[in-house]
Structures are given as structure tokens and as C-alpha cells.
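Structure first, then comments.
Read-outs: derived from the displayed coordinates by stated rules, not from any lab. Computed from a prediction, not measured in an experiment: that's the story for all the values here. Cβ coordinates were reconstructed from backbone atoms using ideal geometry, including for glycine residues, and neighbour counts include every protein chain displayed.
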Amino acid sequence: MEIPQELIKRLLKAKHVVVMTGAGVSAESGIKTFRDPDGLWAKLNPAQLASVNGFMANPELVWEWYQHRREIINESKPNPGHYAIAEMEKLFPKFSLITQNVDRLHQQAGSSKVWELHGNIIDNRCFTCSEPYTKEIDLNDKSLPSCPKCGGMIRPSVVWFGEMLPQKVLEYAEVASKDCDVFLSVGTSAEVYPAAGLPLLAKSYGAYVVEVNPNRTSITQTADLHLQGPSGVVLPKVLEELRHA
Ligand code: BV8
Ligand code: ZN
């Protein structure tokens, strides 16, 4: 795949570059996405699992689903797309990595600052009193732990549907989207708000918006450029062109 010189030119003179990632950036690490045909939600429905009501209705099922996802994440490692993004942060005067992912593969790949819009799957807290749950989680033990402080149910520290995003993170993401010269939307179906609004916000503030995705999404026609391919192939190519420009 050819990387258009227009993108390289804009990146070379960019003062602030934002990369926003979704589940697609972890697909080549063996972690299923949510909405792809064989995705996590092909069989189960998101509202049932990744929501407060879903957890209240069936806490053991939801907990087991997160334990299953933790097992998969524990066996996965960053792919060339994650590493390319980690490299990129050194190439621009200002670089912001915003992710919807909860798998922390960006951190493992060496990205020094990752703004996690939807929390992370590693940490846990009490559903009732919000006390952080710091006991070691045994992935073989599918039973739902309870809070040592109040006896409440323990939940993963991800943001569920219908829950507010962490205020500071969302504020940073909005300011960065308005301020940046180039916004790369990588591996996201751009269907979940408010995250999906960020590339549009960037565009409305004059950023050059690039989508990296093998498929078209709801923002493809708004983007200035669609690099149609897997992020693990496309991003290292962009990095390569930048280095030899
Ligand atoms: C909020 C964490 C407001 C948990 C997630 C009705 C009822 C309730 C809410 C709503 C509603 N209507 C709208 C809403 C708002 C809702 C929303 O947007 N719903 C959508 C579905 C319409 N949003 C919310 O509820 C948010 N909160 O709005 O609160 C509020 C206001 C006041 C008071 C209280 C609340 C919270 C949203 C966060 C939900 N949590 N995850 C967990 O992980 O279990 S969302 C989940 O989907 C993921 O975390 C991810 O962030 C998100 C989007 O998924 P993607 O990352 O894009 O993945 P997807 O599978 O969709 O796409 C993968 C893409 O990769 C594809 O395009 C594919 O082509 C591509 N790809 C595949 N392979 C590759 C690739 N790309 C590159 N390379 C490859 N190799
Ligand atoms: Zn508690």
C-alpha cells in the first residue's frame, strides 16, 4: 500500500498529532474486536454484558466474561501497530494517544502516556462503595469476589454503557482533538460516543483526519484520507516513510 505524500507532508510540519485507537489496533494481537463478524459481541449482546444493568442482572456472567477476556489479554502481546504508535510519540513536538481499549497493550509497547477513555480491564473496584479492590485476581476462579470493606460485589474498572467517561480524560481528549493538526483514527468502528465524536471535532477545528481501518466506518467519508488496511501493516509503513522523508 502506498502512503500518500500529502499525509507525510502534513505530519512533518505537524505541531500536535493525535492518535485515537479502538479494538482494531489489538486485533493482530489476537484480541477479538467487538463488532467484527467473529467479534466478542457476535454471540452476546453488549448492553447485556458491558453495562450496569447487565451486571446487576447477572453479575456472575459478566464477571466470568471479563475473566475470560483477561485470560486472552494475558496471552496477547503488542503488535507492530502498537510499537509504531509508541515510536511516533517521539517524532512530534506534541503527541497525544487516546484509546478506547482497556487491554493496556499500548503501555506494554512503550507508549509513555495513554489516555484511557473507557478505563482498563486490569483494575477492579467495589460496585457498592467504589473502594479499589487490590487483592490478586485468580483467573481460574470464576466466582465473583466481594468487597472486604462492605461486602459489595467487585467489578472491573472499565466504563460501561450508560456510565460517564472519566472527566479529566474526556476533557483532555476534547482539547487535544481541537488543537491537533493531524488526527489518526485507528481500528475503531466509530460507533460509541462520546469517543466517536472526537475525529469529527478534530475535523471541525481544521485537523487533517486520517482513518486506518481495513473496512469503511461511519467516519470514512468525513475523513480526509482512508488508509484501507490493518494497522499492524499501515502504521509501520507511515513511520518508515516519515523516517526517510
Ligand atoms: C455515555 C468498555 C453518557 C467496556 C465500552 C442508549 C443507551 C445507553 C447509552 C447510549 C444509548 N445511545 C447512545 C448511548 C451512548 C453510548 C453509545 O455510544 N452507544 C452506542 C452503541 C450507540 N455511550 C455510552 O454509554 C458511553 N457513556 O455516553 O455516558 C452519560 C451521560 C450522563 C450520565 C451518564 C452517562 C460509554 C461508552 C463506553 C462503553 N464501554 N467498552 C468493555 O471493554 O467491556 S465500549 C466498546 O465499544 C469498546 O470499549 C470500544 O471502546 C467501543 C467501540 O468499539 P471499537 O473499539 O470501535 O471496536 P469495534 O469492534 O466496534 O470496531 C473494531 C474496528 O476495528 C472495526 O471498524 C474493524 O473494521 C477494525 N479492524 C479490525 N481489524 C483491524 C481493524 N482496524 C485496524 N487494524 C486491524 N487489524
Ligand atoms: Zn465495598
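A few remarks follow.
- Near Val186, the amide H atoms lying under 5 Å from its own belong to Met20, Thr21, Gly22, Val212; only residues 5 or more places off or on other chains count, and H is placed 1.01 Å from N.
- Bins of 10 Å, starting at 0 and running to the largest distance - Cα pair percent for the chain: 7, 31, 35, 18, 7, 1
- Region 102-205: C-alpha gyration tensor shape, a/c 1.5 cut-off, then a/b vs b/c: prolate
- Lys-Lys pairs in region 105-245 that are eight or more residues apart or on separate chains and whose Cα atoms lie under 23 Å of each other come to 7.
- Taken about its Cα centre, the chain carries a charge dipole of roughly 400 debye when the Cβ of each Lys and Arg holds +1 and the Cβ of each Asp and Glu holds -1.
- Longest segment of the chain lacking GluC sites (Glu not before Pro) that sit in a DSSP loop with at most 11 other Cβ atoms within 10 Å: 3-135
- Here the 3J(HN,Hα) profile of region 165-176, calculated from phi with Karplus coefficients 6.51, -1.76 and 1.60 at θ = phi - 60°, is 7, x, 4, 4, 5, 5, 4, 4, 4, 5, 4, 5 Hz, Gly and Pro shown as x.
- Loop trypsin sites (Lys or Arg not before Pro), region 25-93, which have at most 12 other Cβ atoms in a 10 Å radius of their Cβ (DSSP): Lys43, Lys90
- Crossing angle, helix 59-75 versus the chain [Cα axis fit, 0-90 degrees, rounded to tens]: 50 degrees
- Cα gyration tensor shape for region 175-244, rounded if a/c is under 1.5, else prolate or oblate: oblate
- The phi torsions of region 217-231, fed into the Karplus equation with coefficients 6.51, -1.76 and 1.60 and a -60° offset, translate into couplings of 9, 6, 10, 4, 6, 7, 5, 6, 8, 10, 8, 8, x, x, 4 Hz, rounded to whole numbers, with Gly and Pro shown as x.
- With both residues required to sit in region 1-145, DSSP beta bridges show an antiparallel share near 20%.
- Phi-derived couplings, Karplus 6.51 cos²θ - 1.76 cosθ + 1.60 at θ = phi - 60°, listed residue by residue for region 95-109: 9, 10, 9, 10, 10, 8, 7, 10, 8, 6, 6, 4, 5, 5, 7 Hz, with x used for Gly and Pro.
- Net charge of neighbours whose Cβ lies under 9 Å from the Cβ of Glu131, counting Lys and Arg as +1 and Asp and Glu as -1: +2
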